[in-house]
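So the structure is just underneath, and the comments pick up after that.
The values are calculated or read from the model by the stated rules, or taken from the named source; none is laboratory data. A quick note: this is a predicted structure, and the numbers were derived from the prediction, not measured. No Cβ is skipped: glycine too gets one built from the backbone with ideal geometry, and neighbour counts run over all protein chains shown. Keep in mind that these areas ignore ligands, DNA and RNA; they rest on the heavy atoms of the full protein, side chains included. Shrake-Rupley method; radii C 1.70, N 1.55, O 1.52, S 1.80 Å.
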Amino acid sequence: MRSYRDLPALRSEYSQKEDRIAARLEEFRRVGSRNDERLFEELCFCLLAIQTKARAADAAVKALAADDLLWAGELREIAPFLRRRIRFHNHKAAYIVRARERFFPPGGPGLRKSLEGLGDAKPTRAWLVREVDGLGWKEASHFLRNIGRGDGLAILDRHILRNLQRHGVIRRMPESLTPKRYLHIEGRMESFSKDVEISMAALDLLFWSRETGEIFK
């Protein structure tokens, strides 16, 4: 094992939260078994969560659905609806509309079919980054984890990076995350996950709960 730091605290905290983390991961897998509409809601959550708090993004998706805008709203309706709820509302409204057009064409929904035809998580993530406007490596990883298909992927936001630095997995916080740097750090986190015998998805929820005080998504 590499010379990691603060492992007793990690193991102790994980022991305390393990059951709740496992329950949340099981919930993600149940979401992944549901219909295209539910998968699309989770995709929209990940699009809206970019530089926005997760709770605010989740509430915005639910509000859009309740007002029949998630499925039928036009860009000029969705953007002002999001204005006071999330950051970058114009861009994110456009992302939602484009994703809806991409995965719900006149011939029928195609999100689940597309995902099931792609196989493993990493090729699926690369495909999502290419196909969905607004999804980068982090957001695509987030979406796949939240539908139970990305247990081996890293969701490298500031919360996770800060904890990777704390435990000596990385030496410093990166100033930016190019695709090459993202994959490099993900590889380091993957090795750490194997060494401490805690899955990548579980580590993500553990680190995120440290920073936010809750096990959410």
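Averaged per residue, the chain has 51 square angstrom of accessible surface, using a 1.4 angstrom probe with ligands and nucleic acids left out. For the chain, the longest principal axis of the Cα atoms and the long axis of helix 200-212 meet at an angle of about 90 degrees. Residue 37 contributes an accessible area of around 70 Å² to the protein surface, as traced by a 1.4 Å probe with all chains present. The mean sequence separation of alpha-carbon pairs under 8 Å and at least six residues apart, normalised by the residue count of the chain, gives a relative contact order of 25 percent. A 1.4 Å probe, protein heavy atoms only, puts the accessible area of residue 133 near 70 Å². Each peptide in 207-216, 167-176 receives the mean, over its residues, of other Cβ atoms within 10 Å, and ordering these scores from highest gives 207-216, 167-176.
When nucleic acids and ligands are ignored and a 1.4 Å probe is applied, residue 5 ends up with an accessible area of around 120 Å².
Sorted on the mean count of surrounding Cβ atoms within 10 Å across their residues, most packed first, peptides 94-100, 40-46 read 40-46, 94-100. Backbone N atoms of region 8-50 closer than 20 Å to the 7 Å Cα→Cβ label point of residue 68 belong to residues 37-38, 41.
Partners of residue 113 within straight-line reach, counting lysines whose Cα lies under 21 Å from its Cα and excluding those fewer than 8 residues away in the same chain: 122.
Shown is the FRET efficiency for residue 191 and residue 214, computed with R0 = 22 Å from the Cβ-Cβ distance and rounded to the nearest 0.05: 0.20.
Report, to the nearest whole %, how much of the accessible area of the chain belongs to carbon and sulfur atoms, 1.4 Å probe, protein only.
That fraction is 46 percent.
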